[in-house]
Amino acid sequence: MLPYGRQSIVEDDVAAVAEVLRGDWLTTGPQVQGFEEDLAGWTGGVGCAVVSNGTAALHTAYAAAGVGPGDEVVVPPMTFVATASSAVALGAKVVFADVEEETFTLDPAAAAAAVTSRTRVVSAVDYAGHPADYDALRRSLAGSDALLLADAAHSIGATYHGRPVGSLADLTTFSFFPTKNLTTAEGGAVAATDPAVLERARRFRNIGLVRDRAEQRWPDEGGWHQEVHEFGLNYRLPDVLCALGRSQLRRLGDFLAARERLVRRYDEALAELPGVLLPARRSWARPAWHLYPIRVLDGRRREVYDRMRAAGIGVQVNYIPVHWHPAFADLGYRRGSCPVAESFYEQQLSLPLYPGLSDTDQERVVDALAAALRGAPAASAA
Ligand SMILES: *Cc1c(COP(=O)(O)O)cnc(C)c1O
């Protein structure tokens, strides 16, 4: 089965990991700071804290923003559930706001309508790697002291009006899961434009420990003295994985170029195919294409998914609207509240897209899609 996404690991990655394994530090050594500095090279210099996965990055970012009980967090439903559930984990109320047509990123007008005096964070998601409209989102926060967060799990390396993802919102989160644009197996990061917020994020990922004598509250107990002022968790990313991340980051430019080339080939090959709509991009965006999300018209998404899977093409659906999950339904959230996201979901299908996808395999995908739409019997998996 051709997957919808997969990692690209080369011998340099293996060597980088092996070198750290043979050294003195397995976790919280020099590779952590090195990876954070290398990441800042992609965020326009905005400081980063690496953490153990993208969900932990969201949890850490919300904690650093001070999200707690009584607060509201505005989230679009067209995302992975963690964008919302990590705010619930801190006791906040999630308010779903619909997405824009065509890019399926958070609609600034819907966000503005959702903001109240209790809103602590407004989270945009760079769906498929296409940046949300951050300048318009910033305007929809005017008069509120809410922070703007970018869930950039799909979009590291993308730009908006020439400015890099990581510098567009107050807080930005990344995921380094194997299907994402670069991988550390499990891993993630938080970028924060305010150094004080970044420091809170660093503390949260390290159990809340305060080791700097100047900041401690109690008299010195001795050389072992450490204090917790605010509760945190152990969300540290080990040195071994930071070494993998640094090695992967050296190829991020190549990964993005390969994705862009494959997207162009899909755009050309599928342009005349009836029954589907192709992903759109705004003139101001240079996306970091993580997904190639098409829309299958005439209520045929399920049928096309099943036929392509039977033909050995691992298409995927991203995503079931978050408020449809039973955990949100149990909290009183109802279907129908975000019609743009919900009708997009009914049509959405992600075609395989990753740097190692060969031209021949991509042609197989195109042929299988055309055959599925013709209603022809599924070709056998080669
Ligand atoms: C993958 C993903 C996450 C979560 O990242 P993990 O590393 O899998 O925990 C969060 N948000 C979005 C949009 C994602 O795609």
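General remarks:
- Check: the chain dipole with +1 on Lys, Arg Cβ and -1 on Asp, Glu Cβ, in debye: 480
- Compared with the direct C-alpha span, the chain from E303 to I320 gains 4.4 nm at full extension, assuming 0.36 nm per residue.
- Reference-scaled alpha-carbon Rg (2.2 N^0.38 Å with N residues) for the chain: 1.02
- Sparse-neighbourhood loop sites, chymotrypsin sites (Phe, Trp or Tyr not before Pro) in region 233-329 - DSSP loop, at most 14 other Cβ within 10 angstrom: W284
- Residues in region 173-178 carry Karplus couplings, in order, of 10, 10, 10, 10, 5, x Hz; the curve used is 6.51 cos²θ - 1.76 cosθ + 1.60 with θ = phi - 60°, and Gly or Pro positions show x.
- Label-reachable residues, region 84-105, where backbone N falls under 18 Å from a point 7 Å from R118's Cα toward its Cβ: 84-97
- Helical content of the chain, expressed as a calculated mean residue ellipticity at 222 nm, amounts to -10500 deg cm²/dmol (DSSP H runs of 4 or more residues, -39,500 (n - 2.57) each, divided by residue number, nearest 500).
- Computed magnitude of the charge dipole of region 20-158 (debye, nearest 20; Cβ of K, R +1, Cβ of D, E -1): 420
- Placed amide H near V51: partners under 5 Å, 5+ positions off or other chain: G188, A189, V190
- Taking 0.36 nm per residue of separation and subtracting the current Cα-Cα distance, fully stretching the chain between Q33 and E363 would add 114.6 nm.
- The label point for M1 and the one for E215, both projected 7 Å from the Cα toward the Cβ, are 4.6 nm apart.
- In plain terms, the chain from K93 to E11 could stretch by 25.0 nm, reckoned as 0.36 nm per residue minus the Cα-Cα distance.
- In order along region 237-254, the phi-based Karplus estimate (6.51 cos²θ - 1.76 cosθ + 1.60, θ = phi - 60°) of 3J(HN,Hα) comes to 9, x, 3, 4, 7, 5, 5, 5, x, 5, 5, 5, 4, 5, 9, 4, x, 5 Hz; Gly and Pro are listed as x.
Where a number appears in this text, it was derived from the coordinates with a stated rule and is not lab data. What you are looking at is a predicted structure, and each value in this text was computed from that prediction instead of being measured. So basically every Cβ, Gly included, is an ideal-geometry build from the backbone, and we count neighbours across all protein chains shown.
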